[in-house]
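Report on the following structure.
The values are calculated or read from the model by the stated rules, or taken from the named source; none is laboratory data. Computed from a predicted structure; not experimentally measured. Counting neighbours? That spans all protein chains shown, and the Cβs are built from the backbone with ideal geometry, glycine included. When the accessible area is computed, the model is the full protein with side chains, heavy atoms only, and any ligands, DNA or RNA have been set aside. Shrake-Rupley method; radii C 1.70, N 1.55, O 1.52, S 1.80 Å.
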Amino acid sequence: MCAYEIKDGVAIIPEGTTKIDNKAFWDCVELVSVIIPDGVTEIGEYAFYGCSNLVKITLPMGITTIGKRAFYKCAALADIVIPESVTMIGDSAFYGCTGLVAITIPANVTTVCRYSFYGCTALAGVHVPATVTEIDEYAFCGCASLVDITIPEGVTAIASHAFCRCTSLAGITIPKGVKEIALEAFYGCKGLVD
């Protein structure tokens, strides 16, 4: 059951809301579109988990946290603009968002957490900002459409399986500051030639 009213596929979130609660829209397959009002600073854990028909969501400036598994398996979500105010994107936040084509990680984020974009098979474009120092395990695993990525200068370690099974990955720029590339970080990247 959804925590908020849904009318004609659109979530009605009241003004004055400051957090989208944990599991607020858990498995709400009738949800198609959401406009999150100004004043919301946090998307809770599992907030939109399994909303398989969610196509559009608008996030306001001021949000700082996207909780773990917030958009887990939102398969129809093709585009989302993450505001620059976001400092934390939790574990598995966009896991299995198979329709997601491109993502820009905001400049205030320092870690790409575990499984953040795991299995985003259509993801072809990723901008990782210079502020990122850590790419955690399985962060981009299974992003089969990802062709090229530049690792920022501040990154010192690439965790295990971070880019495993990125089968289209043909180019990657790794900065001199990287001291450790963990076990099978690029496992199954059959197109990697550079």
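Might you check whether a residue that is open to solvent by 60 Å² or more (accessible area, probe 1.4 Å), out of contact with any Leu (no Cβ under 9 Å at 6 or more places or on another chain), of a type in the set (D, E, K, R) and closer than 17 Å to T64 by Cβ occurs anywhere in segment 15-28?
The answer is yes; a qualifying residue exists.
Quickly run through segment 146-165 and pick out the residues that are in a loop (DSSP other than H, G, I, E, B), within 20 Å of P129 (Cα to Cα) and of a type outside the set (D, E, K, R).
Across segment 146-165, the qualifying residues are L146, V147, I151, P152, G154, V155, T156, A159, A162, F163.
Picking from Y138, Y72, which residue would you name as being among the aromatic types (F, W, Y), surrounded by 16 or more Cβ atoms within 10 Å (Cβ to Cβ), out of contact with any Gly (no Cβ under 8 Å at 6 or more places or on another chain) and at pLDDT 95 or above?
Testing whether each residue is among the aromatic types (F, W, Y), surrounded by 16 or more Cβ atoms within 10 Å (Cβ to Cβ), out of contact with any Gly (no Cβ under 8 Å at 6 or more places or on another chain) and at pLDDT 95 or above leaves just Y138.
Would you please name the residue that is farthest from the chain's Cα centre (by Cα), looking only at residues in segment 77-124 that are outside any loop (DSSP other than H, G, I, E, B) and under 19 Å from H161 (Cα atoms)?
T111
Please state which one of I135, I174, I80 is more than 26 Å from I43 (Cβ to Cβ) and in contact (Cβ under 8 Å) with a residue 12 or more places away in the chain.
I174
Under 9 Å between Cβ atoms, which residue pairs at least 6 apart in sequence (or on different chains) link something in segment 177-193 that is closer than 13 Å to T156 by Cβ and free of Cβ contacts under 8 Å to residues at least 24 places away in the same chain with a partner that is surrounded by 11 or more Cβ atoms within 10 Å (Cβ to Cβ) and β-branched (V, I, T)?
K179/T156
If you take the residues in segment 1-32 that are assigned to a strand (DSSP E or B) and either of a type in the set (F, W, Y) or within 20 Å of G62 (Cβ to Cβ) (or both), which one is modelled with the lowest pLDDT?
I12
Restricting to segment 116-137, give me the number of residues that are among the polar types (S, T, N, Q) and under 17 Å from A159 (Cβ atoms).
2
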